[in-house]
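Derivation of every value follows stated rules applied to the coordinates shown; laboratory data play no part. Computed from a prediction, not measured in an experiment: that's the story for all the values here. All Cβ positions, even for glycine, are placed from backbone atoms using ideal geometry, and neighbour counts span all protein chains on display.
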Amino acid sequence: MRINDLDYRIAWRRFKKGTSFFVPCLRLEESKETVLAVTRRLGYKVAIKVVIEDGIKGLRVWRIK
């Protein structure tokens, strides 16, 4: 998955219900749309929230179904 000109390798098969991952990014809306496009294609339902973790702004993505 490519976000803000960086490639992220997500272990989608291990992305189980109730788990989450953090993606550091600045262009939040564009990044959110990228994550949603990939998760929709895979049939995953996710919740996405803008967060700051360890002083770094980004998206936290939870799989809810």
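To the nearest 10 degrees, how steep is helix 28-42 against the longest Cα principal axis of the chain, on a 0 to 90 scale? That works out to roughly 10 degrees. When the charge dipole of the chain is built from unit charges on Cβ atoms (+1 for Lys and Arg, -1 for Asp and Glu) and taken about the Cα centre, the candidate among Gly58, Tyr44, Leu28 whose Cα reaches farthest toward its positive end is Tyr44.
Two decimals is fine: what is log10 I(q)/I(0) at q = 0.22, 0.23, 0.29 Å⁻¹ for the chain, from a Debye sum with one equal scatterer on every Cα and no solvent? With one equal scatterer per Cα and no solvent, log10 I(q)/I(0) is -0.92, -1.01, -1.50.
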